[in-house]
Amino acid sequence: MSQPQSNAYIIEIQDRAAGIITRDERGFRFFSSERLFNSLEGRQFRSAREAERAARAVFSERSRRASSHFFAN
């Protein structure tokens, strides 16, 4: 007997709730829970792992920009 899979997951990046993904017939849809991740709002992903990678990429890019801005001053 197999366990049913969840239809919603929270994606956390470094203790921050990036958003929630919900399963539908085409994969997973992202719903942002923090302004930083709004660029992913409504995007469709094939897997939960793909959505998490996208959120990590957004977070990493923001961190790179923030540190380069900090050191530029």
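Restricting attention to the range 1-58, the residues being of a type in the set (K, R) and part of a loop (DSSP other than H, G, I, E, B) number 3. As a summary of the residue check, N7 satisfies the conditions (1) more than 19 Å from R62 (Cβ to Cβ); (2) open to solvent by less than 80 Å² (accessible area, probe 1.4 Å) except for the one numbered (2). So, in the range 27-50, how many residues would count as being buried (at least 19 other Cβ atoms within 10 Å of the Cβ), of a type in the set (A, V, I, L, M) and either modelled with pLDDT under 95 or under 17 Å from N7 (Cβ atoms) (or both)? Residues that pass the stated criteria total 0.
The values are calculated or read from the model by the stated rules, or taken from the named source; none is laboratory data. The shown structure was predicted, so the numbers you read here are calculated from the model rather than taken from an experiment. We place every Cβ from the backbone using ideal geometry, glycine too, and count neighbours over all the protein chains shown. Ligands, DNA and RNA are stripped out before the accessible areas are found, and what is left, the full protein with its side chains, is counted by its heavy atoms. Shrake-Rupley method; radii C 1.70, N 1.55, O 1.52, S 1.80 Å.
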